[in-house]
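Novice: Below are the structure tokens for one structure; questions will follow.
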Protein chains: 4
Amino acid sequence: MTVIDEVLAKKIIQPRPLDSHKGTFGRILLIGGTYPYGGAIIMTALACVNSGAGLVNRDNIGALHSHLPEAMAFDLWDQALLVSQIKVSDTILIGPGLAEDDTAQKIFKLILASLVQDQILIVDGSALNLLARQEAVSWQTNRLILTPHQKEWERLSGLSIPEQTQEATQAALRHFPQGTILVAKSPQTKVYQGQRVGQILVGGPYQATGGMGDTLAGMIAGLSMQFKERPLLDRVSLAVYLHSAIAQGLSQSHYVVLPTMISQEIPRLMKALSESSSDG
Amino acid sequence: MTVIDEVLAKKIIQPRPLDSHKGTFGRILLIGGTYPYGGAIIMTALACVNSGAGLVNRDNIGALHSHLPEAMAFDLWDQALLVSQIKVSDTILIGPGLAEDDTAQKIFKLILASLVQDQILIVDGSALNLLARQEAVSWQTNRLILTPHQKEWERLSGLSIPEQTQEATQAALRHFPQGTILVAKSPQTKVYQGQRVGQILVGGPYQATGGMGDTLAGMIAGLSMQFKERPLLDRVSLAVYLHSAIAQGLSQSHYVVLPTMISQEIPRLMKALSESSSDG
Amino acid sequence: MTVIDEVLAKKIIQPRPLDSHKGTFGRILLIGGTYPYGGAIIMTALACVNSGAGLVNRDNIGALHSHLPEAMAFDLWDQALLVSQIKVSDTILIGPGLAEDDTAQKIFKLILASLVQDQILIVDGSALNLLARQEAVSWQTNRLILTPHQKEWERLSGLSIPEQTQEATQAALRHFPQGTILVAKSPQTKVYQGQRVGQILVGGPYQATGGMGDTLAGMIAGLSMQFKERPLLDRVSLAVYLHSAIAQGLSQSHYVVLPTMISQEIPRLMKALSESSSDG
Amino acid sequence: MTVIDEVLAKKIIQPRPLDSHKGTFGRILLIGGTYPYGGAIIMTALACVNSGAGLVNRDNIGALHSHLPEAMAFDLWDQALLVSQIKVSDTILIGPGLAEDDTAQKIFKLILASLVQDQILIVDGSALNLLARQEAVSWQTNRLILTPHQKEWERLSGLSIPEQTQEATQAALRHFPQGTILVAKSPQTKVYQGQRVGQILVGGPYQATGGMGDTLAGMIAGLSMQFKERPLLDRVSLAVYLHSAIAQGLSQSHYVVLPTMISQEIPRLMKALSESSSDG
């Protein structure tokens, strides 16, 4: 068991190369925010852009742009545009605020069919439930990240919450492509990949607000294309650490911590960690 | 007569249990914000989420999400969705920015018919007028909270404003289910339940802005599902106290205090009060 | 010539009566923001609410509520609602961001025909041009406030800009109902009523941004129903003073001062002035 | 080679003339933000208004006004209004978030045909690609500003990125009207006009976020009509300097710098530079 902590975070976060441009940190496609869950994908996009993603595309337009004109947005039902965006994206995140209906299922299958090797697929929220209902999937990528909370992991793995021990979870994870990363969200969130297990020690009850998961998913997406000299597992662990460390920091002065507060703090904490990173 | 003050607030506010998740503090359904009063429910939702509500659903979508992507939003006229949301909600608040028309009356009746024991119903704003116009209601819950200002209480109780003495108000309250809580808003707001009466000593003219009532209603909703080890009356009193204490604090530097300013301060005051709460 | 300065402002601004409620400071109706000028009325509403108006109604809904859920908003073409709102309003402001077309002309005539004695009418922006094009108006109120800049005053008075001397302006003002207040906007803005003339000494080029006039109009509306123990001329002068004093204050740190920055500062400056007001 | 630095910036930025009004700094027309790129023009408008533009018009209404009610907005497909706005504008910027489709091409041709001598035309983003695809253009103005990044300059000049030396770029620039200014964006952005070349020394990888170019274009537009006693080249260089200097400043505390953060800081840096400008 690895501890996911500040020491690890400082090792991962490095100053950006001087010749970075907006394409350096990849294209990230966020899919979700369908009626009546339009706010979720806004939180995801805020987290993703503040985590340093170069380009972000997603659905749900007006209110998103009032928060974040930095994100490009389009109508998910614009299928030709969706297919072209899937093709040019390095990371695809599906799930935050995605209604569990037939159209969502269709979009999810379209993505599974369109993926190519090396594209990263993050499956979050209701997309995990869509996945649980699918027959055997022929995975086109082995860079798969799953981010279930305990109930979603129950549906996906068949393990009831009390059965979700470390060993049982690792066994269940073998049904997914080798290299799949599992972010098992709980009061003591763990990150699994094969036999590796990491765990955060920070975090707490001040996160009991809807939208925290959407924010974490956006951070994982945003960090998935940075610090590429480190394994993907490290970058996912970094997202998990930053999310909890910021929440804990804000909870020193706020009884309730809202997800949008977390996104706002990401650039500052990453800067602070990057400054001591050269020693790491 | 109890004084609703900082001492009481500190006794009620406790650190959150370490294993809290977004479902711990209940599901809260806010109904209102119909044309042309769309802003009201935004203020209510801001207050509710900042008060620590786990999940919030409501009507009036675009502008809400530009303030608060944390809230789920849907069209009130989507009746199937409304019924399913009523069923899974722990607290239902109806009234802020609800037009007093036939559709509103229909929705209100739908809620009264769908409620089950233990669900909390908060009736605010124009929903109090809808209630005043109804024949005898067969209440499905005894966890009813009414939040009238003096004119609304006149319509509901039949007592003209000069007649609204403590004794007359207590007598009128007996026409509602036993245990009903009345937040009688006035420059000296009182909270009634049966023979119990609490009164705040803070508050003042800096609250003379439209939207203050919408904000208070949202805070009552948000706090209704927290601190459940304390009686519901205490939690309602806490909302009344926090609302006035924050307004008074802001008035030290602002001639006019806007409702949205109050919501923004809730997490900070609750944190400050929770830190000394262990002594309480 | 009176100097409109801090001394005057302190005399006018008084602590609010302890029993103020949202109706105390009147109902204010703002009319404008029609396509393609939708932003103007948002600035007006921000200024009006931050100046302490109790209730505000206006057109142009979504984007307004993303700034200011405190304001009620409706569609101007909803004529029945418009007429009912005119009736219950104490102050009506027409003009900011109002397109100069037939519909605007029709609405303006509707207002002129509906006004009753004691209602305050503020004519700003393009409504001044609509007024310039009208034949003789039969005024239903003598509480008229005109807020032209130099070019608009030229159209309204027939005086070319070089001809707009104090004497000529006073003479032209006699064509309006007795008691009409003229806010003659220029780098040295003056306020006229009959033989009285006030002038501000603060203000400067940092105000050269579209929207400053919309903001001033909103402040005049917001203050028109406060400090009613003072003549209306004083309250208008106060708005002119606060607008310029805040802009000057912000210009100490900002090369460009945006109108929305001014509105945000109103509650703080009014508070500061009210604290020394008892000596005034 | 000139260094574009603080010394130059201080020479250019002067206190505003005391009799400035909103028309003093010109009318600026921003064209872009068509589906699915609506956010881009919001960032451009934020930069433009914060840089001190007097009046700004553009497309994409709701979300824009939630950021910036100061901007007037209209539907680009409203051709009569577009033509009338082109006529009264001093500077026209086309490109940020403009889809590269037939309608965009048509609008671009309309602008090229409508321009008159002395109007400034800034061609940015996808409008540079539209330009690259056009046959010989008969330019109606010699006040042309091009703002390509390296890939866009490749399409426009025919020079591959490695071929984009200073000499080759100067030669390619001769195909445009004499006096054309080229802002060649790269990690070491250079500004060309005829034989003159300026280069910034500040700037870095913290700018690797979508929207930085939209923001720079807005700043160039906003500054194009100020400091008219200095050559246009100086004003463009000032925009380039301010953009990078602010990004560098923010990067001291933020790992990621978002474009909207830059716009917010413009008034403050301009003020600071203007205060020492009298010594310049």
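The values are calculated or read from the model by the stated rules, or taken from the named source; none is laboratory data. Model, not experiment: these values are computed from the prediction. Heads up, the Cβs are rebuilt from the backbone with ideal geometry, glycines too, and the neighbour counts pull from every protein chain shown. Note: accessible area is taken over every heavy atom of the protein model, side chains too, but ligands, DNA and RNA are not part of it. Shrake-Rupley method; radii C 1.70, N 1.55, O 1.52, S 1.80 Å.
Novice: Considering only residues of region A:101-121 that are part of a helix (DSSP H, G or I) and polar (S, T, N, Q), which is farthest from the chain's Cα centre (by Cα)?
Specialist: To start, the set of residues in region A:101-121 that are part of a helix (DSSP H, G or I) comprises A:102-114.
From the residues that got through so far, the ones that are polar (S, T, N, Q) too are A:103, A:105, A:114.
Working: A:Thr103: 22, A:Gln105: 20, A:Ser114: 20 Å.
By that ranking, first place goes to A:Thr103.
Novice: Can you name the condition, by its number, that A:Ala47 falls short on among (1) in contact with a strand residue (DSSP E or B) (Cβ under 8 Å, 6 or more places away or on another chain); (2) at pLDDT 80 or above; (3) within 14 Å of chain B (Cβ to nearest Cβ)?
Specialist: Condition (1) is where A:Ala47 drops out.
Novice: Scan region A:55-67 and tell me whether some residue there is more than 14 Å from chain B (Cβ to nearest Cβ), open to solvent by 20 Å² or more (accessible area, probe 1.4 Å) and either of a type in the set (D, E, K, R) or assigned to a helix (DSSP H, G or I) (or both).
Specialist: There is no residue in region A:55-67 that is more than 14 Å from chain B (Cβ to nearest Cβ), open to solvent by 20 Å² or more (accessible area, probe 1.4 Å) and either of a type in the set (D, E, K, R) or assigned to a helix (DSSP H, G or I) (or both).
Novice: Being touching a Phe, Trp or Tyr at 6+ places or on another chain (Cβ under 8 Å), open to solvent by 10 Å² or more (accessible area, probe 1.4 Å) and under 18 Å from C:Val240 (Cα atoms) is the filter here, so list the residues in region C:11-48 that pass it.
Specialist: Selection gives C:Gln14 alone.
Novice: Being without any contact (Cβ under 8 Å) to a residue 24 or more places away in the chain, farther than 14 Å from C:Thr34 by Cα and surrounded by fewer than 15 Cβ atoms within 10 Å (Cβ to Cβ) is the filter here; which residues of region C:80-108 pass it?
Specialist: C:Ala80, C:Ser84
Novice: Between D:Gly194, D:Gly249, D:Gly218, which is closer than 22 Å to D:Thr91 by Cβ and free of Cβ contacts under 8 Å to residues at least 40 places away in the same chain?
Specialist: From the options D:Gly194, D:Gly249, D:Gly218, the qualifying one is D:Gly194.
Novice: Residues of region C:133-189 being among the aromatic types (Phe, Trp, Tyr) and farther than 23 Å from C:Asp214 by Cα, which ones?
Specialist: Hit for region C:133-189 is C:Trp139, nothing else.
Novice: To continue, here is another question. With the checklist (1) within 14 Å of the chain's Cα centre (by Cα); (2) open to solvent by 20 Å² or more (accessible area, probe 1.4 Å); (3) modelled with pLDDT of 95 or more in hand, flag the one item D:His149 doesn't pass.
Specialist: (3)
Novice: So which residues in region B:16-38 are modelled with pLDDT of 80 or more and farther than 17 Å from B:Asp75 by Cβ, if there are any at all?
Specialist: Matches in region B:16-38: B:Arg27, B:Ile28.
Novice: How many residues does region B:228-277 hold that are under 21 Å from B:Lys190 (Cα atoms), within 14 Å of chain C (Cβ to nearest Cβ) and open to solvent by 30 Å² or more (accessible area, probe 1.4 Å)?
Specialist: 2
Novice: Filter region D:6-44 for residues that are farther than 19 Å from D:Ile120 by Cα, small (Gly, Ala, Ser) and within 14 Å of chain A (Cβ to nearest Cβ) and give the result.
Specialist: Within region D:6-44, D:Gly33, D:Gly38, D:Gly39, D:Ala40 meet the criteria.
Novice: Restricting to region C:68-79, count the residues that are more than 22 Å from C:Gly26 (Cα to Cα) and crowded, with 22+ Cβ neighbours inside 10 Å.
Specialist: 0
Novice: Among the candidates D:Met219, D:Met225, single out the residue that is within 18 Å of the chain's Cα centre (by Cα), open to solvent by 10 Å² or more (accessible area, probe 1.4 Å) and of a type in the set (A, V, I, L, M).
Specialist: Unique residue meeting the criteria: D:Met225.
Residues checked against (1) under 26 Å from A:Pro36 (Cα atoms); (2) acidic (Asp, Glu); (3) modelled with pLDDT of 95 or more:
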{"position": "A:Leu159", "(1), (2), (3)": "no, no, yes"}
{"position": "A:Leu173", "(1), (2), (3)": "no, no, yes"}
{"position": "A:Gly211", "(1), (2), (3)": "yes, no, no"}
{"position": "A:Leu233", "(1), (2), (3)": "no, no, yes"}
{"position": "A:Ser244", "(1), (2), (3)": "no, no, no"}
{"position": "A:Leu250", "(1), (2), (3)": "no, no, no"}
